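Engineer: Can you keep this structure in mind? I'll have questions shortly.
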Amino acid sequence: SNKDYAGNFKQFLSQRDADKPFVFWFGAHEAHRSFEFGSGAKNGIDLEKVTVPGFLPNTDLTREDVADYGLEIEWFDSHLGKMIESLRDSGELENTIIVVTADNGMAFPRAKANNYEYGAHMPLIISWTKGISTVDRKVDDFVSLIDLAPTFLEAAGVSIPKEMSAKSLMPILKSNKSGQVDSKRSFILSGRE
């Protein structure tokens, strides 16, 4: 799209009160349907190298659709990279918690809005140079997006209300372990309304 998410973020950083904490929500719409047909191949994605999830038919049309979706993800990633550079340039990168996730699975049959693996398994990357001691780990614990609220509260030094059913991710984030970190995080619940 022609939305300059990174430019908006740079403007936000320049106008905020530098003495106060901030929250910025980068919610891109590009990975949602509809995609411009053929845009992936037109922008250099090799359709022969496209990996089609096993639950979709591996046809030329599906490969084209997955490539178009991939281009939209690349657009998101390019703006995120520029935003991270803006944080670095402003001296805020080390003290900023960056969470990259999605609110649902990929926009394909048997994925988005379905209780199958590709509908409930979202990407989740968390970076906080000042607060997380290890990098480049892959953690296999089951977490839910509701766990972000108590995580942010704990990071800010605020008590987590007892009635909050979600659990802070800080023990996982502070750990040096990869794989399964907290054995109690062995399942999640997912539903469709």
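The values are calculated or read from the model by the stated rules, or taken from the named source; none is laboratory data. Just so it is clear, the model here is predicted, and its values are computed rather than measured. All Cβ positions, glycine included, derive from the backbone under ideal geometry; neighbour counts span all protein chains shown. Protein only, heavy atoms only, side chains kept; ligands, DNA and RNA dropped before computing areas. Shrake-Rupley method; radii C 1.70, N 1.55, O 1.52, S 1.80 Å.
Engineer: So which of I132, I188 is touching a Phe, Trp or Tyr at 6+ places or on another chain (Cβ under 7 Å) and at pLDDT below 90?
Structural biologist: I188
Engineer: Of the conditions (1) within 23 Å of I146 (Cα to Cα); (2) surrounded by 13 or more Cβ atoms within 10 Å (Cβ to Cβ), D68 satisfies every one except a single condition; which number is it?
Structural biologist: With respect to (1) within 23 Å of I146 (Cα to Cα); (2) surrounded by 13 or more Cβ atoms within 10 Å (Cβ to Cβ), D68 is out only on (1).
Engineer: If you don't mind, there's one more thing I want to ask. In the set D19, D103, which member is open to solvent by 80 Å² or more (accessible area, probe 1.4 Å), part of a loop (DSSP other than H, G, I, E, B), under 28 Å from G131 (Cα atoms) and free of Cβ contacts under 8 Å to residues at least 12 places away in the same chain?
Structural biologist: Matching residue, one of D19, D103: D19.
Engineer: Same structure again: With the condition kept exactly as written, say whether any residue in segment 129-140 is surrounded by 11 or more Cβ atoms within 10 Å (Cβ to Cβ), outside any loop (DSSP other than H, G, I, E, B) and within 18 Å of the chain's Cα centre (by Cα).
Structural biologist: yes
Engineer: I'm checking my understanding of the structure. Among residues of segment 91-100 that are assigned to a loop (DSSP other than H, G, I, E, B) and in contact (Cβ under 8 Å) with a residue 24 or more places away in the chain, which one is least open to solvent (accessible area, probe 1.4 Å)?
Structural biologist: T96
Engineer: Where residues in segment 49-61 are in contact with a helix residue (DSSP H, G or I) (Cβ under 8 Å, 6 or more places away or on another chain) and farther than 20 Å from D77 by Cα, which of them is most open to solvent (accessible area, probe 1.4 Å)?
Structural biologist: By that ranking, first place goes to D60.
Engineer: If the requirement is being modelled with pLDDT of 95 or more and under 14 Å from the mean Cα position of the chain (by Cα), which of these qualifies: L56, L80, L87, L71? Can you show your working first?
Structural biologist: Numbers: L56 fails: under 14 Å from the mean Cα position of the chain (by Cα); L87 fails: under 14 Å from the mean Cα position of the chain (by Cα); L71 fails: under 14 Å from the mean Cα position of the chain (by Cα).
Answer to the selection: L80.
Engineer: Another question about this same structure. Test N114 against the stated conditions and say whether it is open to solvent by less than 50 Å² (accessible area, probe 1.4 Å), closer than 25 Å to K3 by Cα and not in a helix (DSSP H, G or I).
Structural biologist: Against the criterion (open to solvent by less than 50 Å² (accessible area, probe 1.4 Å), closer than 25 Å to K3 by Cα and not in a helix (DSSP H, G or I)), N114 does not qualify.
Engineer: State yes or no: is G119 modelled with pLDDT under 95, part of a helix (DSSP H, G or I), closer than 20 Å to A31 by Cβ and open to solvent by less than 70 Å² (accessible area, probe 1.4 Å)?
Structural biologist: It is true that G119 is modelled with pLDDT under 95, part of a helix (DSSP H, G or I), closer than 20 Å to A31 by Cβ and open to solvent by less than 70 Å² (accessible area, probe 1.4 Å).
Engineer: Another one. Among residues belonging to segment 141-193 that are of a type in the set (D, E, K, R) and open to solvent by less than 70 Å² (accessible area, probe 1.4 Å), point out the one that is farthest from H121 (Cα to Cα).
Structural biologist: Initial filter on segment 141-193 (of a type in the set (D, E, K, R)): 141, 147, 154, 162-163, 167, 174, 177, 182, 184-185, 192-193.
Cutting the leftovers down to open to solvent by less than 70 Å² (accessible area, probe 1.4 Å) gives us 141, 147, 182, 185.
Working: D141: 12, D147: 15, D182: 18, R185: 15 Å.
Filtering first and then ranking leaves D182.
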